[in-house]
Amino acid sequence: MEVAVLNIKGEDTGRKVTLNDSVFAIEPNEHVVYLDVKQYLANKRQGTHKSKERSEVSGSTRKLHKQKGGGGSRIGDINSPVLVGGGRIFGPRPRSYEFKLNKKVKDLARKSALSAKAQADAIIVVEDLNFDAPKTKEFVNFAKNIKVAGKRTVFVLANENKNVYLSARNLPDAEIVTASSLNTYKIMNNRSLVLCESSVAVINEF
(Lines give C-alpha, C1' and ligand atoms only; values in the text may rest on other atoms or scores of the structure.)
Protein backbone atom coordinates (compact mmCIF):
# COMPACT_ATOMS: atom_id res chain seq x y z
CA MET A 1 0.00 0.00 0.00
CA GLU A 2 1.42 3.39 -1.02
CA VAL A 3 0.50 6.67 0.67
CA ALA A 4 1.40 10.18 -0.45
CA VAL A 5 3.65 12.24 1.81
CA LEU A 6 2.34 15.71 2.74
CA ASN A 7 4.40 18.68 3.87
CA ILE A 8 3.68 20.90 6.88
CA LYS A 9 1.36 23.01 4.70
CA GLY A 10 -0.76 19.99 3.80
CA GLU A 11 0.53 19.91 0.20
CA ASP A 12 1.56 16.78 -1.68
CA THR A 13 5.35 16.54 -1.86
CA GLY A 14 5.23 14.13 -4.78
CA ARG A 15 6.87 11.42 -2.70
CA LYS A 16 5.18 8.23 -1.55
CA VAL A 17 5.91 5.74 1.21
CA THR A 18 5.03 2.08 1.23
CA LEU A 19 3.04 0.72 4.15
CA ASN A 20 3.79 -2.94 4.82
CA ASP A 21 0.76 -5.09 3.91
CA SER A 22 1.54 -7.51 6.76
CA VAL A 23 0.99 -4.60 9.19
CA PHE A 24 -1.53 -2.32 7.49
CA ALA A 25 -3.57 -4.68 5.31
CA ILE A 26 -4.50 -7.71 7.42
CA GLU A 27 -8.04 -8.73 8.37
CA PRO A 28 -8.62 -6.95 11.72
CA ASN A 29 -9.26 -9.27 14.65
CA GLU A 30 -11.71 -7.39 16.86
CA HIS A 31 -11.45 -9.75 19.79
CA VAL A 32 -7.69 -9.41 20.26
CA VAL A 33 -8.07 -5.63 19.94
CA TYR A 34 -10.63 -5.78 22.76
CA LEU A 35 -8.29 -7.89 24.91
CA ASP A 36 -5.31 -5.58 24.38
CA VAL A 37 -7.31 -2.41 25.16
CA LYS A 38 -8.84 -4.12 28.20
CA GLN A 39 -5.37 -5.05 29.49
CA TYR A 40 -4.00 -1.54 28.91
CA LEU A 41 -6.84 0.09 30.87
CA ALA A 42 -6.75 -2.57 33.60
CA ASN A 43 -3.00 -2.12 34.11
CA LYS A 44 -3.50 1.62 34.59
CA ARG A 45 -5.92 1.13 37.52
CA GLN A 46 -4.47 1.93 40.93
CA GLY A 47 -6.63 -0.59 42.75
CA THR A 48 -6.37 1.36 46.03
CA HIS A 49 -10.11 1.19 46.82
CA LYS A 50 -10.94 0.18 50.38
CA SER A 51 -13.94 0.20 52.71
CA LYS A 52 -14.09 -0.82 56.37
CA GLU A 53 -15.63 -4.14 57.21
CA ARG A 54 -17.26 -5.15 60.51
CA SER A 55 -14.02 -5.87 62.35
CA GLU A 56 -12.47 -2.54 61.28
CA VAL A 57 -15.27 -0.12 62.23
CA SER A 58 -14.73 1.82 65.44
CA GLY A 59 -17.45 0.98 67.98
CA SER A 60 -18.33 -1.09 71.04
CA THR A 61 -18.57 -4.84 70.72
CA ARG A 62 -21.28 -5.03 73.43
CA LYS A 63 -24.37 -7.00 72.38
CA LEU A 64 -27.16 -4.41 72.11
CA HIS A 65 -29.95 -6.56 73.59
CA LYS A 66 -30.83 -10.14 74.40
CA GLN A 67 -30.80 -12.70 71.64
CA LYS A 68 -34.42 -13.72 72.28
CA GLY A 69 -37.53 -12.50 74.02
CA GLY A 70 -37.50 -8.87 72.94
CA GLY A 71 -39.97 -9.23 70.14
CA GLY A 72 -37.48 -7.89 67.58
CA SER A 73 -34.84 -9.30 65.34
CA ARG A 74 -31.61 -10.82 66.60
CA ILE A 75 -28.76 -8.34 66.70
CA GLY A 76 -25.15 -8.26 67.74
CA ASP A 77 -22.94 -5.23 68.31
CA ILE A 78 -23.28 -1.72 66.91
CA ASN A 79 -20.76 -2.50 64.16
CA SER A 80 -23.22 -4.87 62.47
CA PRO A 81 -23.47 -4.27 58.69
CA VAL A 82 -27.27 -4.09 58.92
CA LEU A 83 -27.08 -0.96 61.12
CA VAL A 84 -26.37 2.58 59.97
CA GLY A 85 -22.70 3.30 60.59
CA GLY A 86 -21.79 -0.38 60.65
CA GLY A 87 -19.19 -2.10 58.53
CA ARG A 88 -19.71 -2.98 54.89
CA ILE A 89 -20.31 -6.57 53.83
CA PHE A 90 -17.75 -7.84 51.30
CA GLY A 91 -16.46 -4.34 50.62
CA PRO A 92 -13.69 -3.54 48.11
CA ARG A 93 -10.11 -4.29 49.12
CA PRO A 94 -6.83 -3.12 47.56
CA ARG A 95 -5.92 -5.36 44.65
CA SER A 96 -4.05 -5.43 41.36
CA TYR A 97 -6.10 -5.52 38.15
CA GLU A 98 -3.13 -6.46 35.97
CA PHE A 99 -3.31 -9.54 33.79
CA LYS A 100 -1.03 -11.06 31.20
CA LEU A 101 -1.42 -11.27 27.43
CA ASN A 102 0.88 -13.20 25.15
CA LYS A 103 3.23 -11.09 23.06
CA LYS A 104 1.86 -12.56 19.82
CA VAL A 105 -1.67 -11.56 20.84
CA LYS A 106 -0.57 -7.98 21.53
CA ASP A 107 1.31 -7.82 18.22
CA LEU A 108 -1.75 -9.06 16.33
CA ALA A 109 -3.95 -6.53 18.14
CA ARG A 110 -1.67 -3.63 17.16
CA LYS A 111 -1.55 -4.76 13.53
CA SER A 112 -5.34 -5.17 13.54
CA ALA A 113 -5.77 -1.62 14.86
CA LEU A 114 -3.41 -0.21 12.21
CA SER A 115 -5.20 -2.15 9.47
CA ALA A 116 -8.58 -0.88 10.68
CA LYS A 117 -7.33 2.71 10.46
CA ALA A 118 -5.94 2.06 6.97
CA GLN A 119 -9.28 0.63 5.83
CA ALA A 120 -11.03 3.73 7.20
CA ASP A 121 -8.60 6.06 5.33
CA ALA A 122 -7.64 7.54 8.69
CA ILE A 123 -3.85 7.40 8.17
CA ILE A 124 -1.91 10.48 7.03
CA VAL A 125 1.83 10.53 6.31
CA VAL A 126 3.69 13.83 6.66
CA GLU A 127 7.25 15.04 6.45
CA ASP A 128 9.26 14.82 9.66
CA LEU A 129 8.27 17.62 12.04
CA ASN A 130 11.06 19.88 13.26
CA PHE A 131 10.19 23.06 15.14
CA ASP A 132 12.98 25.50 16.06
CA ALA A 133 11.16 26.31 19.29
CA PRO A 134 7.95 25.22 21.03
CA LYS A 135 5.13 27.02 19.20
CA THR A 136 1.56 25.85 19.84
CA LYS A 137 0.23 28.24 17.18
CA GLU A 138 2.44 26.65 14.52
CA PHE A 139 1.27 23.19 15.52
CA VAL A 140 -2.39 24.28 15.37
CA ASN A 141 -1.84 25.67 11.86
CA PHE A 142 -0.16 22.42 10.85
CA ALA A 143 -3.16 20.43 12.16
CA LYS A 144 -5.52 22.67 10.18
CA ASN A 145 -3.47 22.24 7.02
CA ILE A 146 -3.74 18.45 7.14
CA LYS A 147 -7.43 18.67 8.16
CA VAL A 148 -7.22 17.02 11.59
CA ALA A 149 -7.85 20.10 13.74
CA GLY A 150 -10.56 19.43 16.33
CA LYS A 151 -10.29 15.66 15.84
CA ARG A 152 -8.66 13.32 18.33
CA THR A 153 -5.36 12.57 16.61
CA VAL A 154 -2.18 10.73 17.54
CA PHE A 155 1.01 12.03 15.92
CA VAL A 156 3.73 9.38 15.61
CA LEU A 157 7.38 10.44 15.59
CA ALA A 158 10.38 8.24 14.88
CA ASN A 159 12.25 9.65 17.89
CA GLU A 160 11.47 11.97 20.77
CA ASN A 161 11.32 15.65 19.84
CA LYS A 162 10.94 18.04 22.77
CA ASN A 163 9.86 21.06 20.72
CA VAL A 164 7.10 19.11 18.95
CA TYR A 165 5.92 17.60 22.25
CA LEU A 166 5.79 20.99 24.00
CA SER A 167 4.01 22.57 21.01
CA ALA A 168 1.15 20.05 21.28
CA ARG A 169 1.07 19.58 25.05
CA ASN A 170 -1.78 22.03 25.67
CA LEU A 171 -3.98 20.73 22.84
CA PRO A 172 -6.68 18.35 24.14
CA ASP A 173 -7.15 16.64 20.77
CA ALA A 174 -3.48 15.96 19.98
CA GLU A 175 -1.21 13.26 21.40
CA ILE A 176 2.48 12.87 20.57
CA VAL A 177 4.05 9.41 20.76
CA THR A 178 7.13 7.71 19.37
CA ALA A 179 6.77 4.78 16.99
CA SER A 180 8.25 2.37 19.54
CA SER A 181 5.62 3.32 22.15
CA LEU A 182 2.62 3.15 19.81
CA ASN A 183 0.07 0.69 21.19
CA THR A 184 -3.40 -0.57 20.34
CA TYR A 185 -5.21 1.72 22.78
CA LYS A 186 -3.59 4.90 21.44
CA ILE A 187 -4.46 3.89 17.88
CA MET A 188 -8.10 3.04 18.60
CA ASN A 189 -8.68 5.96 20.98
CA ASN A 190 -8.03 8.51 18.23
CA ARG A 191 -9.90 9.24 15.02
CA SER A 192 -6.81 9.92 12.92
CA LEU A 193 -3.27 8.57 12.81
CA VAL A 194 -0.57 10.96 11.54
CA LEU A 195 2.74 9.26 10.78
CA CYS A 196 5.96 11.16 10.29
CA GLU A 197 7.83 9.87 7.25
CA SER A 198 10.76 8.41 9.19
CA SER A 199 8.44 6.60 11.63
CA VAL A 200 6.94 4.48 8.85
CA ALA A 201 10.12 2.37 8.60
CA VAL A 202 9.86 1.56 12.31
CA ILE A 203 6.16 0.67 12.15
CA ASN A 204 6.66 -1.49 9.04
CA GLU A 205 8.80 -3.77 11.21
CA PHE A 206 6.03 -4.43 13.76
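The values are calculated or read from the model by the stated rules, or taken from the named source; none is laboratory data. As the structure is a computational prediction, the values presented were derived from the model and not from experiment. Glycine gets a Cβ as well: all are built from the backbone with ideal geometry, and neighbour counts include every protein chain shown. When the accessible area is computed, the model is the full protein with side chains, heavy atoms only, and any ligands, DNA or RNA have been set aside. Shrake-Rupley method; radii C 1.70, N 1.55, O 1.52, S 1.80 Å.
Could you list, in sequence order, all residues of the stretch 170-188 that are open to solvent by 50 Å² or more (accessible area, probe 1.4 Å) and either in contact (Cβ under 8 Å) with a residue 40 or more places away in the chain or touching a Pro at 6+ places or on another chain (Cβ under 8 Å) (or both)?
Correct list: Tyr185, Met188.
Looking at the stretch 91-114, can you tell me whether even one residue there is crowded, with 19+ Cβ neighbours inside 10 Å and either touching a strand residue (DSSP E or B) at 6+ places or on another chain (Cβ under 7 Å) or basic (Lys, Arg) (or both)? I'd like the intermediate steps shown before the answer.
Just the residues of the stretch 91-114 that are crowded, with 19+ Cβ neighbours inside 10 Å, to begin with: 108-114.
Those still in the list that are either touching a strand residue (DSSP E or B) at 6+ places or on another chain (Cβ under 7 Å) or basic (Lys, Arg) (or both) too: 110-111.
Looking through the stretch 91-114, at least one residue is crowded, with 19+ Cβ neighbours inside 10 Å and either touching a strand residue (DSSP E or B) at 6+ places or on another chain (Cβ under 7 Å) or basic (Lys, Arg) (or both).
Taking the stretch 90-128 as the search range and keeping residues that are under 19 Å from the mean Cα position of the chain (by Cα) and part of a loop (DSSP other than H, G, I, E, B), which one is nearest to Asn161 (Cα to Cα)?
Of everything passing the filter in the stretch 90-128, Ala122 is nearest to Asn161 (Cα to Cα).
Select from the stretch 129-149 the residues that are part of a loop (DSSP other than H, G, I, E, B), open to solvent by 40 Å² or more (accessible area, probe 1.4 Å) and closer than 15 Å to Gly10 by Cβ and list them in ascending order.
Lys147, Ala149
For Val5, state whether it is part of a strand (DSSP E or B), touching a residue at least 60 places away in the same chain (Cβ under 8 Å) and out of contact with any Cys (no Cβ under 9 Å at 6 or more places or on another chain). Reasoning before the result, please.
Values: part of a strand (DSSP E or B): yes; touching a residue at least 60 places away in the same chain (Cβ under 8 Å): yes; out of contact with any Cys (no Cβ under 9 Å at 6 or more places or on another chain): yes.
Taking the combined requirement at face value, the residue satisfies it.
Kindly establish whether Ser60 is touching a residue at least 12 places away in the same chain (Cβ under 8 Å), open to solvent by 100 Å² or more (accessible area, probe 1.4 Å) and over 38 Å from the mean Cα position of the chain (by Cα). Please lay out each step first, then the result.
Details: touching a residue at least 12 places away in the same chain (Cβ under 8 Å): yes; open to solvent by 100 Å² or more (accessible area, probe 1.4 Å): no; over 38 Å from the mean Cα position of the chain (by Cα): yes.
In short, no.
Looking for something within 30 Å of Arg45 (Cα to Cα), in a loop (DSSP other than H, G, I, E, B) and open to solvent by 100 Å² or more (accessible area, probe 1.4 Å) - is there at least one such residue anywhere in the stretch 75-83? Walk me through it before giving the result.
Filtering the stretch 75-83 down to residues within 30 Å of Arg45 (Cα to Cα) leaves 81.
From what's left, in a loop (DSSP other than H, G, I, E, B): 81.
Add one more test, that the residue is open to solvent by 100 Å² or more (accessible area, probe 1.4 Å), and what stays is none.
No.
Sort through Asn29, Asn20, Asn43 and tell me the only one that's in contact (Cβ under 8 Å) with a residue 60 or more places away in the chain, out of contact with any helix residue (DSSP H, G or I) (no Cβ under 6 Å at 6 or more places or on another chain) and either among the charged types (D, E, K, R) or open to solvent by 50 Å² or more (accessible area, probe 1.4 Å) (or both). Steps first, please.
Details: Asn29 fails: out of contact with any helix residue (DSSP H, G or I) (no Cβ under 6 Å at 6 or more places or on another chain); Asn43 fails: in contact (Cβ under 8 Å) with a residue 60 or more places away in the chain.
Sole residue among the options that is in contact (Cβ under 8 Å) with a residue 60 or more places away in the chain, out of contact with any helix residue (DSSP H, G or I) (no Cβ under 6 Å at 6 or more places or on another chain) and either among the charged types (D, E, K, R) or open to solvent by 50 Å² or more (accessible area, probe 1.4 Å) (or both): Asn20.
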